[in-house]
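First the structure, in the form of structure tokens, and then the observations on it.
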Amino acid sequence: MNEKAESLQKLFKEKMDEIKLTSELEGLRVEFLGKKGHIADLMSELRSIPNDQKKEAGQRINTIKQFIETSIQQKLEELKKLEEQRLIDSAEVYDETFPCDTNTGSYSPITLVQREVEDIFLNMGFSIEDYSEVTDDYNCFEALNIPKHHPARDMQDTYYLSNGQLLKTHTSAAQNTILRKYAADLEKGLPLRAVFPSRCFRNEKIDACHENTFFQMEGMMVDKDISISNLIYFMKTMLSEVFQKDVTVRLRPGFFPFVEPGFELDIQCLICGGEGCASCKDSGWLELCPCGMIHPNVLTAGGVDPEKYSGFAFGLGLTRLAMMKYGIKDIRVFNSCNLKSLSQFTNSSFTVPEEKKED
Ligand code: DAH
């Protein structure tokens, strides 16, 4: 048994070294940890082992299993970072030395992208909602089916105020308020269609891809008989508008406690058209927008009867979209207050009033 365990660990390490894409990891996980995987095979062999050796052999298998689980998780995080960086690196580079007149004000690239996307949603019959940046534990987590001590909270460490409130970690924090606002309209036969863009905050170590302050745009649609087909059709149409190109989308399973089922939505790479290139790391796909069917517990918490209504939600990363659109490789540019960098994206500049020029 010891020999078998050794060679299994060796095999795993060899296969792991060959993995280059997050999408390949699932296959490796099933091969080793799946119901019919190598670890399950080893477990079933335990039966034929003499009783006095069973305990030790069982422990050995468990150690390998844990090793495999942790390695896959670590690799997933590593690859995600690499893929994200590659995506950003592949975008067209803006010119930091571009001459600019800082007396003429300009919109931030985030504002430009946000307005563009808002227009698309307005044309699709959505309302644009506003929600505060300071919220509380209930709205940010509990109402979203993320109870205290749920592991999903680890990904979203934030800043707490001395009065117990917190800075919201995601735009999903507004879901409960918006469901409550429109619950009565649903009863009158009016569907809920809303998007809510906002600044979000997380206690992150800052680097070229991570900021403690960033922007998202959340969207929700709730009505009778809303299904995954509606979600797919809608996301495809919306993203084709955003990129001004017909995009092909695919869904992969993704876990978010407030949706069931939850998905990671990928679009076919816009640069190579799915053939595989450096920016999509030869996979042909780019991960863009997590989404899913709203969990019945979330609907109930928002005063909407999940027996009668269903809906979908999605979270677009506005900062990421702006990075892709304008070829901004370093996320820190957005909060840098460097007018030289920030002013060159504008297509609708305004002039700073005389009295403000010295500010
Ligand atoms: N709130 C999630 C985050 O920031 C993103 C998200 C995932 C939003 C799935 C959604 C959704 O609406 O359905 O990580």
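No lab work stands behind these numbers, since they all come straight from the coordinates. What you see is a predicted model, and the numbers here were worked out from it, not measured in a lab. Using ideal geometry, Cβ is built from the backbone for each residue, glycine included, and neighbour counts are taken over all protein chains shown.
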### Query
Which shape class applies to the stretch 277-336: rounded if a/c is under 1.5, otherwise prolate when a/b exceeds b/c and oblate if not, where a ≥ b ≥ c are the square roots of the Cα gyration tensor eigenvalues?
oblate
### Summary
Going through K4/K54; K81/K245; K81/K281; K20/K205; K13/K65; K10/K65 one by one, the pairs whose alpha carbons sit over 20 Å apart turn out to be K81/K245; K20/K205
### Message
If you scale each eigenvalue of the Cα gyration tensor by 5 and take the root, what three semi-axes come out for the chain, rounded to whole angstrom and sorted largest first?
### Response
41, 27, 20
### Query
Which three semi-axes in whole Å describe the equivalent ellipsoid of the stretch 2-90, each the square root of 5 times a Cα gyration tensor eigenvalue, listed largest first?
32, 11, 10
### Message
What distance in nm lies between label points placed 7 Å from Cα along the C-beta direction at K54 and C272?
### Response
5.2 nm
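For Q165 and N203, compute 0.36 nm times the residue count separating them, minus their Cα-Cα distance, and round to one decimal in nm. Show your work: numbers first, answer last.
Values: separation 38, 0.36 × 38 = 13.68 nm, distance 1.50 nm.
12.2 nm is the gain from fully extending Q165 to N203.
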## Note on the structure
Going from the fewest other Cβ atoms within 10 Å to the most, one would list H170, H149 as H149, H170
### Summary
So, over other residues within a Cβ distance under 13 Å of N203, counting Lys, Arg +1 and Asp, Glu -1, the net charge is 0
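Return the FRET efficiency for the residue pair F67, R47: r is the Cβ-Cβ distance, R0 is 30 Å, and the value is rounded to the nearest 0.05.
Details: r = 23 Å, r/R0 = 0.77.
So, using R0 = 30 Å, E works out to roughly 0.85.
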### Message
Between E3 and R29, what is 0.36 nm times their sequence separation minus the Cα-Cα distance? Round to one decimal in nm.
### Response
7.2 nm
### Message
Sorting check: for 59-70, 213-224, 107-118, which peptide has the highest mean count of neighbouring beta carbons within 10 Å, and how do the rest follow?
### Response
213-224, 107-118, 59-70
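Would you please give the FRET efficiency between R252 and C337, computed as 1/(1 + (r/R0)^6) with r the Cβ-Cβ distance and R0 = 41 Å, to the nearest 0.05?
Efficiency for this residue pair is about 0.60.
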### Query
Could the peptides 31-39, 1-9, 260-268 be put in order, highest first, of the mean number of other beta-carbon atoms found within 10 Å of their residues?
260-268, 31-39, 1-9
## Note on the structure
Karplus ³J(HN,Hα) for the stretch 190-206 (6.51 cos²θ - 1.76 cosθ + 1.60, θ = phi - 60°; Hz, whole; x = Gly/Pro) runs 9, x, 8, 9, 9, 10, 9, x, 5, 6, 10, 9, 9, 7, 10, 6, 7
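Could you order the peptides 183-194, 228-239 from most to least packed, using the average number of other C-beta atoms within 10 Å per residue?
Values: 183-194: 14.2, 228-239: 17.1.
Highest-to-lowest ranking by the protection proxy: 228-239, 183-194.
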